[in-house]
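The values are calculated or read from the model by the stated rules, or taken from the named source; none is laboratory data. Small disclaimer: the values here were computed from a predicted structure and weren't measured. Note that we place each Cβ from the backbone using ideal geometry, even for glycine, and neighbour counts take in every protein chain shown. Accessible surface areas use protein heavy atoms only, side chains included; no ligands, DNA or RNA. Shrake-Rupley method; radii C 1.70, N 1.55, O 1.52, S 1.80 Å.
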Amino acid sequence: MAALLVTYDLNSPGQKHAKVLEKIKSFGGWARLSESSYAITTSLTPSQVYSQFENLIDANDTIWIITLKKPYSGFGSKNVIDWLDNSLTY
C-alpha cells in the first residue's frame with residue numbers, strides 16, 4: 001500500500017469539510033498532519049484518489065494528492081510520527 005498526502009483548502013461558501021473528512025477516513029489508514037492535511041494509506045494511485053474528491057470541491061478550492069515516502073522530517077504528535085514510521089516506505 002502507498003502512503004499519500006491529501007491536502008486541501010475549501011474556499012467556497014457552504015464548504016464540504018465534513019464530507020471531505022469522511023472520504024479521507026474511508027480509506028482506512030489515515031493520520032492528521034495539520035488542519036487540512038492528512039496522510040492516508042491506499043492501493044489506489046494519486047489520480048484515482050483525486051477522482052473520489054472531484055465532486056466535493058468547487059472551482060476556487062484546492063486539493064493535492066501527493067505520494068509520501070521516507071525519509072521525512074517534521075514535528076508533531078507521537079501518534080502521527082509512529083503512523084508515518086509504520087506507513088511510509090523508501
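If you roll a 1.4 Å probe over the heavy atoms of the protein chains, what accessible area per residue do you get for the chain, in Å²? If you can, show how the numbers build up before the last one.
Numbers: 5650 Å² over 90 residues.
Value returned for the chain: 63 Å² of accessible area per residue.
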Using only the alpha-carbon atoms of the chain, report the extent along each of the three principal axes, biggest first, to the nearest angstrom. 37, 25, 19
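Report the number of Lys pairs in the chain whose alpha-carbons are under 21 Å apart, with separation of 8 or more residues or on distinct chains. It would help to have the intermediate numbers written out before the result.
Values: Lys16/Lys25; Lys25/Lys69; Lys25/Lys78; Lys69/Lys78; Lys70/Lys78.
Final tally of qualifying lysine pairs is 5.
For the chain, what does the helix formula give at 222 nm: sum of -39500 (n - 2.57) over DSSP H segments with n ≥ 4, over the residue count, nearest 500 deg cm²/dmol?
Details: 3 runs with 25 residues, N = 90.
Calculated from helices alone, the mean residue ellipticity at 222 nm is -7500 deg cm²/dmol.
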Backbone HN-Hα couplings from phi across region 66-83 [Karplus 6.51/-1.76/1.60, Hz, Gly and Pro as x]: 10, 5, 10, 9, 7, x, 9, 8, x, 9, x, 5, 4, 4, 5, 4, 4, 4
Accessible area of the chain with a 1.4 Å probe: how many percent of it is carbon plus sulfur? 53
Along the Cα-to-C-beta direction of Ile81, a point sits 7 Å from the Cα; which residues of region 8-47 have their amide N less than 11 Å from that point? none
